[in-house]
1. For LYS141, which aspartates and glutamates qualify as cross-link partners when the Cα separation must be under 15 Å and same-chain residues fewer than eight apart are set aside?
2. Any idea of THR6's accessible area? Nearest 10 Å², probe 1.4 Å.
3. Once you place label points 7 Å from the Cα toward the Cβ at ASP51 and LYS127, how far apart are they in nm?
4. Assuming a ≥ b ≥ c are the square roots of the Cα gyration tensor eigenvalues, decide whether region 69-143 counts as rounded (a/c under 1.5), prolate (otherwise, with a/b larger than b/c) or oblate.
5. Please label the shape of region 21-66 as rounded, prolate or oblate, based on the square roots a ≥ b ≥ c of the eigenvalues of the alpha-carbon gyration tensor (a/c under 1.5 means rounded; beyond that, a/b larger than b/c means prolate, else oblate).
6. Calculate the FRET efficiency for VAL14 and VAL87 from the Cβ-Cβ distance with a Förster distance of 30 Å, rounded to the nearest 0.05.
7. Quick one: of LYS124/LYS186; LYS54/LYS127; LYS124/LYS199; LYS124/LYS211, which pairs are farther than 32 Å apart, Cα to Cα?
8. Within straight cross-link reach of LYS197, meaning Cα distance under 16 Å, which aspartates and glutamates are found once same-chain residues fewer than 8 apart are removed?
Amino acid sequence: MKLFETINYEIPVVLRPFVMAVVQGETSSVIKTSMPAPPTGFPLLIYVYNDYHKLNVNGRSFYPTTVPLNVAGQIDISGIRMEVDGVFGQIGLVLHPLAPYYLFHIPGNEIKNGWKGLLEALPKNLKKYFEGISSDTEPIKTIAHILYVLEQLLKDRVDPIEWLDNAMLEIFRNNGAISVTELVEKTSLSTRHFRRKFKEIIGISPKYYCKVIQLNSVFEILKSGNSEKLHALALDNGYYDQAHFINDFNRLIGESPSNFLNGEFVQLKSYLGRNRV
């Protein structure tokens, strides 16, 4: 089984501010499993091309309503799992946190902690662009089709929100190790308004989002390096000590870094980690 392996796909230059990477997961035979969905700070546009699977959120299972395209938002609760009972086949376009709002006109608070059928969530005037996408097409060819459609959406994109664009850049530049107070000081907004609009558009609070990016920044280095250097990595990324990082990892991911790296779903490390911005 191959779970969310990053594939080398050339993203058009005009879409690089919105599409961070392309990941793919598939099996050649039927499987029955339940996979965790950890928070990464980046939403996904998900194309399903084999048997449809369902989500389990807080013990409630449901199928996303639109085949084959769904948009998955930010995660700020633990215990979300993807249940597979069949042949697994899925491609995910890793999106910039503002892409669902800028391209699809969908505020992040409408899609957090789960998937939503893209056609269900889109404004009527944008639905027409996706009419030709089906699960019958060869997956790699469908990526090109989806990227083409996203390029067409650029002419209808929401106008940039300068203060929010700048806030996201600061969060990424500091690998999440920055306070909400510092972010607000760089704007002319009140703290209350900043937090409210950030949560509405991104989907989760700025404080929690910074924590997700900080944790994933450490894990991005950890998964490709020596876990014995965890203490130094944690300090370099703004943590007070190694224990602080491990506590955050347990709280957000549901297990320790070492258990995750040596566990059943270690292949999900291609999904978890800091995407470049």
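The values are calculated or read from the model by the stated rules, or taken from the named source; none is laboratory data. What you see is a predicted model, and the numbers here were worked out from it, not measured in a lab. Quick reminder, even Gly has a Cβ in these numbers, built from the backbone with ideal geometry, and neighbours come from all protein chains shown. These area figures cover heavy atoms from the full protein model, side chains too; ligands, DNA and RNA do not enter into them. Shrake-Rupley method; radii C 1.70, N 1.55, O 1.52, S 1.80 Å.
1. GLU10
2. 80 Å²
3. With each label point 7 Å from Cα toward Cβ, the separation is 3.0 nm.
4. Numbers: a/c = 1.90, a/b = 1.03, b/c = 1.84.
Oblate shape, in that a/c is at least 1.5 and b/c is the bigger or equal ratio.
5. Working: a/c = 1.44, a/b = 1.03, b/c = 1.40.
Rounded shape, in that the Cα axes give a/c under 1.5.
6. Efficiency, rounded to the nearest 0.05: 0.30.
7. Values: LYS124/LYS186 36 Å; LYS54/LYS127 23 Å; LYS124/LYS199 25 Å; LYS124/LYS211 35 Å.
Long pairs (Cα-Cα over 32 Å): LYS124/LYS186; LYS124/LYS211.
8. GLU110, ASP159, GLU162, ASP165, GLU185
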